[in-house]
1. At R0 = 51 Å, how high is the FRET efficiency between residue 304 and residue 81 if r is their beta carbon distance? Nearest 0.05 is fine.
2. Set the Förster distance to 41 Å, then compute FRET efficiency between residue 319 and residue 168 from the Cβ-Cβ distance, nearest 0.05.
3. Say a paramagnetic label sat at a point 7 Å from the Cα of residue 189, along Cα to Cβ; which residues of the range 100-125 have their backbone N under 18 Å from it?
4. With the crude spin-label approximation of a point 7 Å out along Cα→Cβ, what separation in nm comes out for residue 25 versus residue 212?
5. Want the number for residue 296 to residue 59: 0.36 nm per residue separation, take away the alpha-carbon distance, what's left?
6. Looking at the chain as a GNM with Cα springs under 10 Å, which of 74, 112, 134 has the largest mean-square fluctuation?
7. So for 18, 109, 307, 89, fewest C-beta neighbours within 10 Å to most, what's the order?
8. Which shape class, rounded, prolate or oblate, goes with the range 165-219 when its Cα gyration tensor gives a ≥ b ≥ c as root eigenvalues, a/c under 1.5 marks rounded, and past that a/b bigger than b/c marks prolate?
């Protein structure tokens, strides 16, 4: 088997069917298997899938295991020399899987690759990024402190880490997990995704380990549509257009916890404490700056008092995990 394609289902039967149909529409020269891991959806996906694509392997889990654990379960069944982590809310275009494998085989120093991800309207989407020391770019979504970090970044002409327009084949530090093709032998060396993660940031931490054994590339020619938020929007009841910048709702709570977990695992305790301190410091800054904007009518505020209180509650949740995360104790960080 050339490639094992792993797709996770969580109450997204139509997306899964559309995704797999787009795979079978391609004129694949590579042999492939499709493994669908079901995160205890309790929907009609299996019945519809087996009726239309009987060759697909169906792996049901007894609970919602999230991204890392579900993909690990799929990898355990994979027989291909390549493993492709593919989001359910993707559509394969113009033999992108075949093209990616051929391009990857030309790079002997590579362990994996991603492709140019597109929005449904055809515009480019962030497809990968470069690491920033200590994960300092994760401070940018902070409502007010993030503005200072952004100003300093522009002031000192820091390189923008995210790669949105893949003009040519390029090396990156991490690949967006919507389409992530990895050599099976590299997985055996670097290990599986970290089971501590529920959702968000797990592929970034995994890429950090994979890069110890070779390079990661983004290829410009293969293109894949990524709708975005196929399962997370349903789970969190939010709009994917938030793009992870809303840190004061339920989804933002999980993003914050997963981000801090990734920084702790990848950069160590010092940078974890530094970033944690900035996130906690944002609480009084949030209230003070919002007070100034509201009372003295300094500009038009994009935030509300509810946002500030919800952000504070998210910080309280984060601090509950502090001892366990600081000492890197194994734990499933699935935030309610």
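Coordinate-derived values only; no laboratory data. Keep in mind it's a predicted model, so treat the numbers as computed, not measured. Methodologically, a virtual Cβ is constructed for each residue, glycine included, from the backbone with ideal geometry; neighbour enumeration extends over all protein chains shown.
1. 0.45
2. My answer for the efficiency is 0.40.
3. Output list for this probe position: 104-114.
4. In this crude spin-label approximation the distance works out to 4.1 nm.
5. 79.6 nm
6. Highest fluctuation among the options: 134.
7. On the way: 18 16, 109 9, 307 19, 89 24.
Lowest count first: 109, 18, 307, 89.
8. On the way: a/c = 2.23, a/b = 1.36, b/c = 1.64.
In terms of gyration-tensor shape, oblate.
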